[in-house]
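A.B. asks: Sharing a structure with you now.
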Amino acid sequence: MSHHTRTGTVPWPDDVAAHYRSRGYWEDRTLGELLWEVADARPTQVAVVDGDVRVTYRELVGRADAAAGRLRELGLEPDDRLLVQMPNGWEFIVLTLGCFRAGVIPVMALPAHRRHELTHLASLSEARAVAVPRMLRDFDHERLAHELVAELPDLEHVLALGETGMLDPRSVPLAEVLAPGEDRESERAAADAMRPDPDSPACFLISGGTTGLPKLIARTHNDYVCNLRATSATAELTEHDVYLGTLPASHNFPLACPGVLGTLLVGGRVVMLPSPSPVRAFATIEREGVTIAAAVPAVAQRWIEHQEETGGASTRTLRVLQVGGSRLPDEYAARIEPVLGARLQQVFGMAEGLINTTRLDDPTDVIVRTQGRPVHEADEIRILDPLGEDVPDGEPGSIYTRGPYTPRGYYNAPEHNQRAFLPGGWYGSGDVVVRGPDGNLVVHGRDKDMVNRGGEKISAEEIEGLMYRLGDVEIAAAVSMPDPVLGERLCVYAVVKQGHRAPTLEDVREVFARAEVAAFKYPDRLEIVDHLPMTKVGKIDKRILREDIADRLQEPSGR
Ligand code: OOB
C-alpha cells in the first residue's frame with residue numbers, strides 16, 4: 001500500500017494507477033486547488049445561490065479557506081473525519097470545500113439519518129466532529145449530536161447550524177466556522193500549506209448497501225475529479241450553466257455527477273434548494289434561469305404532472321433534466337422533453353463509482369429506453385451469468401466494473417470486499433443489465449437484496465434485523481413491492497412465534513421509531529404468514545414473495 005492512502009482504504013494497483021496518471025485521467029490536483037483556479041478566473045461571479053444569499057467565487061473560496069483554518073484550530077488534523085449531516089444550503093458547500101482545503105474528510109450522511117445510522121457512521125469512520133442543523137423539520141439534531149458525543153469515544157465536537165443565541169453552549173456555532181476571514185492572503189497561504197495528497201480521500205460516501213449497515217466509500221481527490229470531468233462532459237456543462245441542487249446534496253448524484261461540485265469546477269452557478277417540491281422548484285428555475293437539474297424518477301414524475309396540471313411557471317431555461325437513482329419508467333421518460341422542454345439525460349450510477357449516462361445527442365429512442373453507457377473511456381464493464389461467464393449483448397447478466405473513479409474496496413471492510421469484488425478488482429453492483437449492440441445499458445432488475453424506495457436504498461438484511469426487536473417475530477423477510485409513485489416500497493413478511501400475538505404495521509413502525517431509524521426505512525406494509533417459501537438451498541425465496549405481494553396489490557381490496 002502506498003504511503004498516501006489511509007489505512008483501511010484499498011488502493012488501485014500501482015500499474016493501473018500509473019496508467020491512469022500517464023493518460024491524464026488522474027491529474028494529481030486536489031479539489032480545493034482546482035476550485036481556486038476557477039475562482040481566480042471569475043472572482044466577482046456568483047458561484048452559489050441559496051434563497052436570498054448569493055456567494056461570489058471570491059467569497060466562496062475565501063470562506064472555505066477561513067473554515068479550513070478554523071477546523072484546524074478546533075483540533076481537526078488532516079485525515080480526521082467530520083460527519084456532515086446538513087440540509088441543502090450554501091453552508092453545506094462552504095463546509096465541504098473547507099474540508100477539501102484542510103484535508104479533513106467529510107462523511108456524507110443524509111438529513112434523514114437518525115441515531116441508528118449516525119452512530120454506525122460515526123463509529124465506522126471514527127469521526128472526531130459532527131456538523132448538523134440545530135433543528136430541522138421538528139427534529140432536534142443538535143441534541144442527538146451531543147448524545148452521540150457522550151457515547152462515542154472519538155467524537156468530540158458538535159458544529160451546529162442555527163441562530164447563535166439558541167445554541168447549546170457545548171456546540172461550536174457553524175456560523176462562526178463558516179464566516180468570512182480577516183486576512184484572505186494569509187488564510188489562503190495557510191490553506192495551501194494544508195494541501196492533502198491527491199490520492200488521499202476527499203470524502204467518504206455512504207453505500208446503498210445490501211449488508212446490515214451501510215459501508216463507507218473513500219473517494220480520492222484524483223478519482224472524484226475524474227468523475228466530475230467525465231460527467232460534466234456528458235452533460236455538456238459549461239460556465240454558463242446554472243445547476244439546481246434539490247436532491248439531498250450528500251448523495252453522489254447531486255454532489256458530483258456533475259452536480260454541485262462539477263458545476264463549480266467549470267465555473268457555473270449552483271442554486272441550492274432544500275426540497276424538490278414542484279412549486280418551489282419551478283419558481284426557482286424561472287427566477288434563477290436554471291439550465292440543468294437532477295431528479296430521481298419520483299420527483300421527475302411529480303414535475304411532469306404538476307406542469308401538465310398547472311402549465312404554470314416556465315421551465316424554458318431548463319436545458320437538461322438528469323434522472324437517475326432508480327429505474328425511470330419509459331412512459332415518463334417519453335414525456336419529459338414534450339412537457340418540461342428539457343432534454344432528458346438518464347443516469348445509472350452508484351456511490352461506488354461507475355456512472356452511465358445517455359448522451360444529449362443520442363436518438364430519442366436511446367434516451368427514452370436506455371440508462372446509457374459509461375461516462376469515461378477507461379470504464380470497464382463485464383456482464384456475467386451466475387457461473388461467471390460473460391453473456392452476449394442482448395442477454396441479461398450481472399454488471400461488474402473497474403475504472404479510474406471506481407475504488408477497489410470499501411473502507412475498513414476486508415471480509416465484505418471479498419464478496420463485493422471479484423479477483424482483479426471488479427466491483428459487482430448487484431444490478432442485472434442488458435447491453436445493446438450500441439453499448440447502451442438497460443437496467444432489468446437486481447440480484448442484490450435491497451429495496452430501492454424512490455431512489456433511497458434500503459438493505460433487506462438491515463430491516464430484517466430490526467424486525468427481531470419485536471419479540472413476537474419468529475422470522476422476517478423484507479422485499480420490494482411495486483408502487484406507482486416511488487417505483488418500489490418496502491413490504492415485510494413475518495412469521496409469528498407459536499402462541500404469540502401477531503404484530504400490526506403500527507407495532508412495527510413503533511419499534512422502528514424507538515430504534516431511531518431513518519423514516520424512509522419504516523416498512524410500508526406487513527404481511528403475516530404461516531411460513532415463508534424456501535429455495536432448494538434453504539434460503540427464503542424472495543422472488544415468490546415479491547410475486548405474491550404484487551398479486552395482492554392487484555386485488556381490489558389490496559391496499
Ligand atoms: C445512485 O447511487 P446509489 O449508490 O444511491 O445507488 C446505486 C444503485 C445502483 O446499483 C442501482 O441499483 C440503482 O441505484 N440505480 C438505478 C439507476 N441509478 C441507480 N437503477 C435503475 N436505473 C437507474 N437509472 O443511485 C446514483 C449515483 C450517481 C448517479 C446516479 C445515481
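The values are calculated or read from the model by the stated rules, or taken from the named source; none is laboratory data. All values derive from a computational prediction rather than experimental measurement. Here the Cβ positions follow ideal geometry from the backbone for every residue, glycine too, while neighbour counts run over all protein chains shown.
A.B. asks: Check off (1) away from the ligand (no atom under 16 Å from the Cβ); (2) modelled with pLDDT under 95; (3) not acidic (Asp, Glu) for Pro214 and give me the number that stays unchecked.
C.D. replies: It is condition (1) that Pro214 fails.
A.B. asks: Something else: Quick one: which strands (runs of 3 or more DSSP E) lie wholly within region 170-248 and hold at least 3 residues that are out of contact with any Phe, Trp or Tyr (no Cβ under 9 Å at 6 or more places or on another chain) and within 24 Å of Val266 (Cβ to Cβ)?
C.D. replies: Working: elements: 201-206, 216-220, 242-245.
It comes to 242-245.
A.B. asks: Six or more apart or on different chains, Cβ under 7 Å: which pairs go from a residue in region 164-191 that's at negative phi to one that's assigned to a loop (DSSP other than H, G, I, E, B) and of a type in the set (D, E, K, R)? Could you list them?
C.D. replies: Listed by first residue and then by second, the contacts come to Met166/Arg134; Leu167/Arg134.
A.B. asks: What pairs come up if the first residue lies in region 511-530 and is closer than 25 Å to Asp541 by Cβ and without any contact (Cβ under 8 Å) to a residue 60 or more places away in the chain, the second is assigned to a helix (DSSP H, G or I) and of a type in the set (Gly, Ala, Ser), and their beta carbons are under 8 Å apart, counting only those six or more places apart or on different chains?
C.D. replies: Here the result reads Tyr522/Ala513, each pair linking region 511-530 to a residue that is assigned to a helix (DSSP H, G or I) and of a type in the set (Gly, Ala, Ser).
A.B. asks: Name every residue in region 490-521 that is under 21 Å from the mean Cα position of the chain (by Cα), buried (at least 20 other Cβ atoms within 10 Å of the Cβ) and not in a helix (DSSP H, G or I), in order of residue number.
C.D. replies: The answer is Leu490, Val517.
A.B. asks: Looking at region 450-470 only, could you name the residues that are crowded, with 18+ Cβ neighbours inside 10 Å and either more than 12 Å from the ligand (Cβ to nearest atom) or closer than 16 Å to Thr401 by Cβ (or both)? Break it down stepwise before answering.
C.D. replies: The initial filter retains those residues of region 450-470 that are crowded, with 18+ Cβ neighbours inside 10 Å, namely 450-460, 462-464, 466-467, 470.
Residues satisfying the conditions are Ala460, Glu462, Ile463, Glu464, Leu466, Met467, Leu470.
A.B. asks: Oh, and also: Hey, could you check region 420-449 for residues that are of a type in the set (Lys, Arg) and near the ligand (Cβ under 10 Å from one of its atoms) and say which is nearest to Val391 (Cα to Cα)?
C.D. replies: Initial filter on region 420-449 (of a type in the set (Lys, Arg)): 435, 446, 448.
The next check asks that each one be near the ligand (Cβ under 10 Å from one of its atoms); those that pass are 446, 448.
Values: Arg446: 16, Lys448: 19 Å.
Here the answer is Arg446.
A.B. asks: Can you name the condition, by its number, that Ala476 falls short on among (1) buried (at least 22 other Cβ atoms within 10 Å of the Cβ); (2) within 16 Å of the ligand (Cβ to nearest atom)?
C.D. replies: (2)
A.B. asks: When you scan region 522-535, how many residues do you find that are assigned to a strand (DSSP E or B) and farther than 20 Å from Arg446 by Cβ?
C.D. replies: Here is the first cut: in region 522-535, the residues assigned to a strand (DSSP E or B) are 525-529, 534.
Filter again for farther than 20 Å from Arg446 by Cβ, leaving 526-529, 534.
Looking only at that region, the number is 5.
Conditions (1) under 21 Å from the mean Cα position of the chain (by Cα); (2) under 24 Å from Lys215 (Cβ atoms); (3) not polar (S, T, N, Q), marked per residue:
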| position | (1), (2), (3) |
| --- | --- |
| Pro78 | no, yes, yes |
| Phe100 | yes, yes, yes |
| Arg134 | no, no, yes |
| Arg143 | no, no, yes |
| Pro173 | no, no, yes |
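A.B. asks: Would you confirm whether or not region 410-418 contains a residue that is part of a strand (DSSP E or B) and either within 10 Å of the ligand (Cβ to nearest atom) or at pLDDT 95 or above (or both)?
C.D. replies: Going through region 410-418, the residues part of a strand (DSSP E or B) turn out to be none.
No: zero hits.
A.B. asks: Are any residues in region 72-84 surrounded by fewer than 20 Cβ atoms within 10 Å (Cβ to Cβ) and assigned to a loop (DSSP other than H, G, I, E, B), and if so, which ones?
C.D. replies: Leu74, Gly75, Glu77, Pro78, Asp79
A.B. asks: Continuing with this model, one more query. Yes or no: region 194-207 includes at least one residue that is surrounded by fewer than 24 Cβ atoms within 10 Å (Cβ to Cβ), more than 22 Å from Ala109 (Cβ to Cβ) and either in contact with a Lys or Arg (Cβ under 7 Å, 6 or more places away or on another chain) or without any contact (Cβ under 8 Å) to a residue 60 or more places away in the chain (or both).
C.D. replies: yes
A.B. asks: Let me ask something else. Only one residue in Pro43, Pro87 is assigned to a loop (DSSP other than H, G, I, E, B), closer than 24 Å to Thr238 by Cα and either of a type in the set (A, V, I, L, M, F, W, C) or in contact (Cβ under 8 Å) with a residue 12 or more places away in the chain (or both). Which one? Break it down into steps so the answer makes sense when it comes.
C.D. replies: Numbers: Pro87 fails: closer than 24 Å to Thr238 by Cα.
On inspection, the qualifying residue turns out to be Pro43.
A.B. asks: Next question. Can you tell me which residue is surrounded by the fewest Cβ atoms within 10 Å (Cβ to Cβ) among those in region 150-169 that are modelled with pLDDT under 95 and in a loop (DSSP other than H, G, I, E, B)?
C.D. replies: That would be Pro169.
A.B. asks: Right, another one. Which of the residues belonging to region 238-253 are touching a Ser or Thr at 6+ places or on another chain (Cβ under 8 Å), free of Cβ contacts under 8 Å to residues at least 60 places away in the same chain and surrounded by fewer than 24 Cβ atoms within 10 Å (Cβ to Cβ)? It would help to see each step written out before you state the result.
C.D. replies: So in region 238-253, the residues touching a Ser or Thr at 6+ places or on another chain (Cβ under 8 Å) come out as 240-244, 246.
Among the residues that remain, those that are also free of Cβ contacts under 8 Å to residues at least 60 places away in the same chain are: 240, 243-244.
Across region 238-253, the qualifying residue is only His240.
A.B. asks: A follow-up question, please. Quick check, is Thr364 within 15 Å of the ligand (Cβ to nearest atom) and among the hydroxyl-bearing types (Ser, Thr, Tyr)?
C.D. replies: Numbers: within 15 Å of the ligand (Cβ to nearest atom): no; among the hydroxyl-bearing types (Ser, Thr, Tyr): yes.
For Thr364, the condition - within 15 Å of the ligand (Cβ to nearest atom) and among the hydroxyl-bearing types (Ser, Thr, Tyr) - is not met.
A.B. asks: Next question, about the same structure. Of these, Thr406, Thr357, Thr401, which one is of a type in the set (Ser, Thr, Tyr), within 10 Å of the ligand (Cβ to nearest atom) and crowded, with 20+ Cβ neighbours inside 10 Å?
C.D. replies: Being of a type in the set (Ser, Thr, Tyr), within 10 Å of the ligand (Cβ to nearest atom) and crowded, with 20+ Cβ neighbours inside 10 Å holds for just one of Thr406, Thr357, Thr401, which is Thr357.
A.B. asks: For Gly8, are the conditions met, namely being of a type outside the set (A, V, I, L, M), within 22 Å of the chain's Cα centre (by Cα), at pLDDT below 95 and buried (at least 17 other Cβ atoms within 10 Å of the Cβ)?
C.D. replies: yes
A.B. asks: Still on this structure: Between a first residue in region 404-431 that is under 28 Å from Val442 (Cβ atoms) and a second residue that is β-branched (Val, Ile, Thr) and assigned to a strand (DSSP E or B), which pairs have beta carbons less than 7 Å apart while being 6 or more apart in sequence or on different chains?
C.D. replies: From region 404-431, the pairs are Pro407/Ile217; Tyr410/Ile217; Trp426/Thr401; Tyr427/Thr401; Tyr427/Thr406; Ser429/Ile399; Asp431/Ile399; Asp431/Val443.
A.B. asks: Looking at Arg29 and the list (1) under 30 Å from Ala283 (Cα atoms); (2) touching a helix residue (DSSP H, G or I) at 6+ places or on another chain (Cβ under 7 Å), which single condition is not satisfied?
C.D. replies: With (1) under 30 Å from Ala283 (Cα atoms); (2) touching a helix residue (DSSP H, G or I) at 6+ places or on another chain (Cβ under 7 Å) applied to Arg29, the lone miss is (1).
Here's the yes/no breakdown for (1) in contact with a helix residue (DSSP H, G or I) (Cβ under 8 Å, 6 or more places away or on another chain); (2) closer than 22 Å to Val485 by Cα; (3) of a type in the set (A, V, I, L, M):
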site: Val266; (1), (2), (3): yes, no, yes
site: Pro276; (1), (2), (3): yes, yes, no
site: Phe282; (1), (2), (3): yes, yes, no
site: Ala298; (1), (2), (3): no, yes, yes
site: Ala313; (1), (2), (3): yes, no, yes
site: Gly325; (1), (2), (3): yes, yes, no
site: Gly349; (1), (2), (3): yes, yes, no
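A.B. asks: Next question. Return the residues of region 127-138 that are touching a Lys or Arg at 6+ places or on another chain (Cβ under 8 Å) and farther than 15 Å from Val84 by Cβ; say none if nothing qualifies.
C.D. replies: Residues satisfying the conditions do not exist here.
A.B. asks: Here is a list: Val46, Val104, Val55, Val61. Which entry is hydrophobic (A, V, I, L, M, F, W, C) and within 24 Å of Val158 (Cβ to Cβ)?
C.D. replies: On the way: Val46 fails: within 24 Å of Val158 (Cβ to Cβ); Val55 fails: within 24 Å of Val158 (Cβ to Cβ); Val61 fails: within 24 Å of Val158 (Cβ to Cβ).
Of the residues listed, the single one that is hydrophobic (A, V, I, L, M, F, W, C) and within 24 Å of Val158 (Cβ to Cβ) is Val104.
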